[in-house]
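Following: one structure in structure tokens, then a few remarks.
The values are calculated or read from the model by the stated rules, or taken from the named source; none is laboratory data. Treat the numbers as computed from the prediction; the structure is a model and nothing was measured. Methodologically, a virtual Cβ is constructed for each residue, glycine included, from the backbone with ideal geometry; neighbour enumeration extends over all protein chains shown. Accessible surface is based on the protein model in full, side chains and every heavy atom, while ligands, DNA and RNA are left aside. Shrake-Rupley method; radii C 1.70, N 1.55, O 1.52, S 1.80 Å.
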Amino acid sequence: MNPAEVFLAYAADFEKSFADDDWTRLERHFTAETTYRVESSRFGCELAGPAAIGAGMKKSLDGFDRVFDSREIAVTEAPRIEDDVLRVGWTVTYTKGDLPPFALRGISTARIADDRILELVDAFDEAMGEEMDRWQDETGFRFDPSYT
């Protein structure tokens, strides 16, 4: 498979795991040495290995995505592939009752080999952290997107 096919298969399984909390489903997309890095001044971290990655993703989703009523994912930057690396920009828009929507913007980068993800990075710029803080202050609604 090419890097786009590998990443799309992972993304589809991620959404299934989000729905049913079976994070072992993602293990087939990683190697024992896979790392997942979140680049953010507010909730950045690095996780190593499928079990830690799954546990960290679950923690973040429980403290963030799942406290909202809905989330809608949109690709904002067409996937770019260079050698074994795929990069894609996205926005997830969250809603909660009658509060204004909150839009989280990021860029995912995946390094692929032998149809598995060796390194996964989700990057958020400093402005995103400031917008997150401002939205929480203005609405009074709190969430915790941390992975650890």
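Brief remarks follow.
- Shown here are the Rg and Dmax of the Cα trace of the stretch 9-91, at 13.5, 39 Å.
- In this structure the stretch 62-148 gives 54 Å² per residue of accessible area when probed at 1.4 Å with all protein chains present.
- In a DSSP loop and with at most 12 other Cβ atoms within 10 Å, there are no GluC sites (Glu not before Pro) in the stretch 9-88.
- Heavy atoms of Thr139: accessible area, 1.4 Å probe, square angstrom to 10: 40
- Net charge of neighbours whose Cβ lies under 10 Å from the Cβ of Val92, counting Lys and Arg as +1 and Asp and Glu as -1: 0
- 0 to 90° range, to nearest 10: angle between helix 50-63 axis and the chain longest Cα axis: 20
- Dipole of the stretch 1-135, positive end: most advanced residue of Met132, Ala74, Val85 [Cβ charges, Cα centre]: Met132
- Where labels lie 7 Å past Cα in the beta-carbon direction, separation of Val85 and Ser41 in nm: 2.4
- Each Lys or Arg adds one and each Asp or Glu takes one away; over the other residues whose Cβ falls under 10 Å from the Cβ of Gly49, this sums to -2.
- Accessible carbon and sulfur surface of the stretch 10-148 relative to its total accessible area, %, 1.4 Å: 50
- Loop-resident sites, the stretch 22-72, for trypsin sites (Lys or Arg not before Pro), counting at most 16 other Cβ within 10 Å (DSSP): Arg42
- Listed residue (Ala11, Phe64, Thr109) projecting farthest to the positive dipole end of the chain, Cβ model: Phe64
- Annotation for the stretch 18-46 versus the stretch 83-130: alpha-carbon center distance of 12 Å.
- Around the Cα centre of the chain, unit charges on the Cβ atoms of Lys, Arg, Asp and Glu (plus for the first two, minus for the last two) sum to a dipole of about 200 debye.
- Isotropic mean projected area of the C-alpha convex hull, the stretch 66-128 (nm²): 5.5
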